[in-house]
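Novice: Below is the structure I would like to discuss, written out as structure tokens.
The values are calculated or read from the model by the stated rules, or taken from the named source; none is laboratory data. Every value quoted in this text rests on a predicted model; they were computed, and no experiment measured them. Here the Cβ is made from the backbone with ideal geometry for all residues, glycine too, and neighbour counts use every protein chain on show. Remember, those area values only see protein heavy atoms, side chains included, never the ligands or the DNA or RNA. Shrake-Rupley method; radii C 1.70, N 1.55, O 1.52, S 1.80 Å.
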Amino acid sequence: MRKLKVGAYLEFTPVEKGYSPSAIMEDLESLGVSDLFLLTKDTKSWAYYPTEKMNARFGSEDFYGKLVREAKDRGIRVHAWFCLFQESLTDPSPVVKENPDIVVVNKYGKSAWEEPVWSYVDPKYSTLWICPSSKEYRKFLMELMEEVLTRYEVDGIHYDYVRYPEAIEGRYYCYCKRCLSKFKEEYGYELPSKDVIVLRYYVQILVENVTESVRELSELVHSYGGKTSAYVFTDYPTAIEAIYQDWVRFSRYLDFLLPTLYEVSPSFAERLIRNAVELTRKPIMPAVYANKVVRRAREGSRRWSTIRGVEYILRLVESVKRGGGEGIALFHYATLRGLTKYGLSEEDLEKLKHLSNL
Ligand SMILES: [Zn+2]
């Protein structure tokens with residue numbers, strides 16, 4: 001029988017809580033993990049390996065290198081996980097300080113410095129979002145990726161947040177000078193309204209900026225023999241409408257894709273996986289919740305589910321098999337291990353062992 005790949009996302013809570021890299025990897029190995037998505041650059045301007053190019057969370061201490069070695073010794077593939085276009089508002093990376101106009105601008109002409117992304121939802125979510133059109137920022141990302149690919153035995157680079165901010169605040173981004181001037185260059189006149197509902201052609205400009213960034217980053221990663229993968233929005237084509245992320249289009253630059261199946265019901269998951277396989281012809285390894293949080297799902301919904309924990313994961317494994325997926329990626333290790341709120345129990349974890357053989 002075909003063996004499923006089992007992925008796990010790993011951020012540094014376990015390391016900060018004192019777990020040793022070997023203990024973490026031993027645990028992941030016992031869960032049958034074949035692919036590790038290891039946090040490398042987060043949304044708050046931290047790098048998790050020693051670097052001079054941005055703030056390094058652990059200074060010169062190289063927990064990252066130890067984790068990579070421990071994973072490789074156990075035959076686990078490592079994908080360096082990059083949160084691409086997000087930065088800290090209070091202490092962003094040097095490239096952002098030197099080029100303050102690379103951030104997104106909302107339709108009222110306010111940059112993310114003045115009105116941070118998501119600040120209308122709740123100020124604690126406020127973030128500085130960089131426009132994917134920024135060549136300076138893409139260059140910075142490529143320098144980081146190059147550093148990781150040459151210094152560590154990673155198998156590839158994993159893209160997260162490869163998109164614009166969602167339209168929670170109403171069709172909002174991006175009206176930076178690059179996006180506006182690209183529209184003018186391509187169509188010969190200025191955007192007549194800062195509302196893309198009025199002028200749909202602007203959607204294509206923004207979609208191209210995201211796709212172009214994937215192409216550029218992936219050319220670099222592939223030149224080092226690395227694999228590329230991306231964490232993408234659940235539904236297609238909603239991804240285009242909601243966040244200008246045309247993952248079917250940019251899948252040509254990726255080796256595999258991880259659509260998020262958070263809260264999706266097992267039956268709808270099967271449909272989404274089958275669609276993704278048919279549309280991209282690439283390996284599909286959906287990312288699933290390894291926690292017990294219910295955010296949006298309501299009892300009785302056909303497309304979303306309130307089932308959580310081990311039962312949910314096991315049912316999604318069945319959906320992956322029936323839908324033609326390659327595997328399943330658990331988001332994320334700290335919740336899986338119960339190191340954060342809403343985690344799984346020891347008993348749950350026992351049932352998840354050897355997931356790949358199910
Ligand atoms: Zn822009």
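Novice: Hey, got the dipole for segment 231-283? About the Cα centre, +1 on K and R Cβ, -1 on D and E Cβ, debye to the nearest 20? Mind dumping the intermediate values first?
Specialist: Values: 6 positive and 7 negative charges, 48 e Å.
Computed about the Cα centre, the dipole is about 240 debye.
Novice: Based on the Cα atoms of segment 32-101, what semi-axes does the equivalent ellipsoid have, where each is the square root of 5 times one gyration tensor eigenvalue, given in whole Å with the largest first? Please report the intermediate quantities before stating the final value.
Specialist: Values: eigenvalues 148, 34, 11 Å².
Values for segment 32-101, descending: 27, 13, 8 Å.
Novice: With every atom except the alpha carbons ignored, what do you get for Rg and Dmax of segment 286-348, in angstroms?
Specialist: So, for segment 286-348, Rg and Dmax equal 11.9, 32 Å respectively.
Novice: Next up: Under the 0.36 nm per residue contour assumption, what length would be gained going from the current alpha-carbon distance of residue 16 and residue 60 to full extension?
Specialist: 14.3 nm
Novice: Can you bin segment 36-154 into rounded, prolate or oblate? Criterion: square roots of the alpha carbon gyration tensor eigenvalues sorted a ≥ b ≥ c, rounded for a/c under 1.5, prolate for a/b above b/c, oblate for the rest. Spell out each step's value before the answer.
Specialist: Numbers: a/c = 2.41, a/b = 2.08, b/c = 1.16.
Judged from the Cα gyration tensor, segment 36-154 comes out prolate (a/c at least 1.5, a/b above b/c).
Novice: Solvent-accessible area per residue for the chain at a 1.4 Å probe radius, Å²?
Specialist: On the way: 15230 Å² over 358 residues.
With the other protein chains kept in place, the chain gives 43 Å² per residue.
Novice: Let me ask you something else. I'd like the per residue volume of the convex hull spanned by the Cα atoms of the chain, given in cubic angstrom. Walk me through the intermediate numbers first.
Specialist: Numbers: hull volume 49.1 nm³, N = 358.
So the per-residue Cα hull volume is 137 Å³.
Novice: Where in the chain lies the longest segment free of chymotrypsin sites (Phe, Trp or Tyr not before Pro) that are both loop residues by DSSP (not H, G, I, E, B) and have at most 15 other Cβ atoms within 10 Å? All intermediate terms of the calculation are to be shown ahead of the outcome.
Specialist: Values: sites that count: 108, 113, 120, 189, 224, 342.
Longest stretch, sites excluded: 225-341.
Novice: Heavy atoms only, 1.4 Å probe, whole protein assembly: order 90, 234, 150 by accessible area, highest first.
Specialist: Details: 90 130, 234 25, 150 90 Å².
Descending order: 90, 150, 234.
Novice: Ok, one more. If I take the Cα coordinates of segment 143-250 and project them onto the principal axes, what are the three extents in Å, biggest first?
Specialist: For segment 143-250, the Cα spread along each principal axis is 49, 30, 21 Å.
Novice: A further question on this structure: If I stretch the segment between residue 90 and residue 302 completely, what's the gain in nm (0.36 nm per residue apart, minus their alpha carbon distance), one decimal? Provide the component values of the computation, followed by the final result.
Specialist: Numbers: separation 212, 0.36 × 212 = 76.32 nm, distance 4.19 nm.
Full extension from residue 90 to residue 302 adds 72.1 nm.
Novice: Each label point is 7 Å from the Cα along the Cα-to-Cβ direction; what then is the distance between the points at residue 142 and residue 121, in nm?
Specialist: 3.1
Novice: Of the beta bridges DSSP finds with both residues in the chain, what % are antiparallel, to the nearest 5? Display every interim value, and only then the final one.
Specialist: Values: 8 of 42 bridges.
Counting DSSP beta bridges with both partners in the chain, the antiparallel share is about 20 percent.
Novice: At 7 Å along Cα-to-Cβ for each site, give me the label-to-label distance between residue 53 and residue 318 in nm.
Specialist: 4.5
Novice: Rounded to the nearest 10 Å², what accessible area does residue 280 show when all protein chains are kept and the probe is 1.4 Å?
Specialist: Solvent-accessible area, nearest 10 Å²: 10 Å².
Novice: Show me, for segment 14-26, the HN-Hα J-couplings you get by feeding each phi into the Karplus relation (A = 6.51, B = -1.76, C = 1.60, θ = phi - 60°), rounded to Hz, glycine and proline as x.
Specialist: Along segment 14-26, the couplings run x, 5, 5, 8, x, 5, 7, x, 5, 5, 4, 5, 4 Hz.
Novice: Oh, and also: Rg and Dmax of segment 190-280 over Cα atoms: what are they, in angstrom?
Specialist: 15.0, 46
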